[in-house]
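The values are calculated or read from the model by the stated rules, or taken from the named source; none is laboratory data. Here the structure is a predicted model, which is why all the values come from computation and not from measurement. As a convention, Cβ positions derive from the backbone with ideal geometry for all residues, glycine included, and neighbour counts pool all protein chains shown.
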Amino acid sequence: MLPSLGSLVLIGIPLISFWLALRLILRQKKLSELKSDFINNVTHEFKTPIATIAFAVANVENELVIHHPESIRQFTKVIKEENKRLNLQMEQVLQAALLDGKAMEMKQEPINIHLLINELADAYELKLSNRGHLARKLNAARALATGDLFHLSNVLSNLLDNAIKYTRETAQITISTENQGNGIWIRVADRGIGISKENQAHVFEKFYRVPSGNVHNVKGFGLGLSYVKDIVEQHRGQVGVQSRLGQGSVFSIFLPFGAS
């Protein structure tokens with residue numbers, strides 16, 4: 001009996017070691033692929049606005065354009081927009097670096113969630129213009145929470161940006177609130193392309209980007225939802241997603257009162 005048990009142990013130890021080593025190798029391979037994709041995305045995303053700015057500057061300096069103020073204003077508008085885009089992209093990368101492996105210091109300030117949502121919704125309605133509709137269903141009786149206004153504003157902006165980006169045609173977005181237990185749920189729902197169950201398991205991972213099919217205007221580094229998850233968890237909250245392909249997605253955030 002003892003020799004047989006000893007043999008099983010001697011066989012089992014190498015098998016377990018092999019399995020653990022294989023698992024580590026596969027995990028490192030996946031991480032390497034994600035980082036490679038991230039670098040490629042960064043290179044592409046930075047090159048595009050830089051090339052557009054260079055093109056606009058060249059046109060402003062063109063002798064045929066320099067005496068036409070209206071044309072110059074159009075090109076300078078392009079330069080401003082692309083410069084803003086570059087700054088936002090750089091901010092995303094810096095935020096990811098700051099959040100990597102350590103908690104950021106969160107301010108503890110009273111935040112009226114409904115006021116924050118209405119301010120953001122007003123801005124996004126202007127962005128949408130004739131390209132969609134943003135509905136508000138603010139049903140929470142208690143909407144005063146504690147947290148970091150800057151970061152929570154960025155969290156909601158990320159979710160609203162995604163709701164617009166991952167829509168093939170007219171955007172139909174609903175942002176809603178309700179109280180449950182000792183906190184508030186915030187939900188951003190869209191009728192976009194949706195996310196498969198397989199991809200839902202990875203959407204909050206750093207560098208992960210959901211395949212967007214034939215939606216060509218989707219850009220980014222795969223950092224937005226990772227940032228959302230980090231910030232919400234640092235407010236002792238939780239975040240989740242429910243989605244069906246072709247039918248849209250609902251991203252939910254729960255923030256406990258007195259969160260930070």
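So, in region 182-204, of the ones that are within 21 Å of GLY237 (Cβ to Cβ) and without any contact (Cβ under 8 Å) to a residue 40 or more places away in the chain, which residue ends up farthest from the chain's Cα centre (by Cα)?
ALA201
Before we move on, is ILE13 at pLDDT 80 or above and either surrounded by 10 or more Cβ atoms within 10 Å (Cβ to Cβ) or part of a helix (DSSP H, G or I) (or both)?
On the way: at pLDDT 80 or above: no; either surrounded by 10 or more Cβ atoms within 10 Å (Cβ to Cβ) or part of a helix (DSSP H, G or I) (or both): yes.
Judged against the criteria, ILE13 is not a match.
Restrict the check to region 79-88 and report whether at least one residue is surrounded by 13 or more Cβ atoms within 10 Å (Cβ to Cβ) and modelled with pLDDT of 80 or more.
The answer is yes, given that some residue of region 79-88 is surrounded by 13 or more Cβ atoms within 10 Å (Cβ to Cβ) and modelled with pLDDT of 80 or more.
Output the residues belonging to region 241-260 that are closer than 17 Å to ASN154 by Cα and modelled with pLDDT of 90 or more.
Taking region 241-260 and keeping what is closer than 17 Å to ASN154 by Cα, we get 251-255, 259-260.
Hits for region 241-260 are PHE251, SER252, ILE253, PHE254, LEU255.
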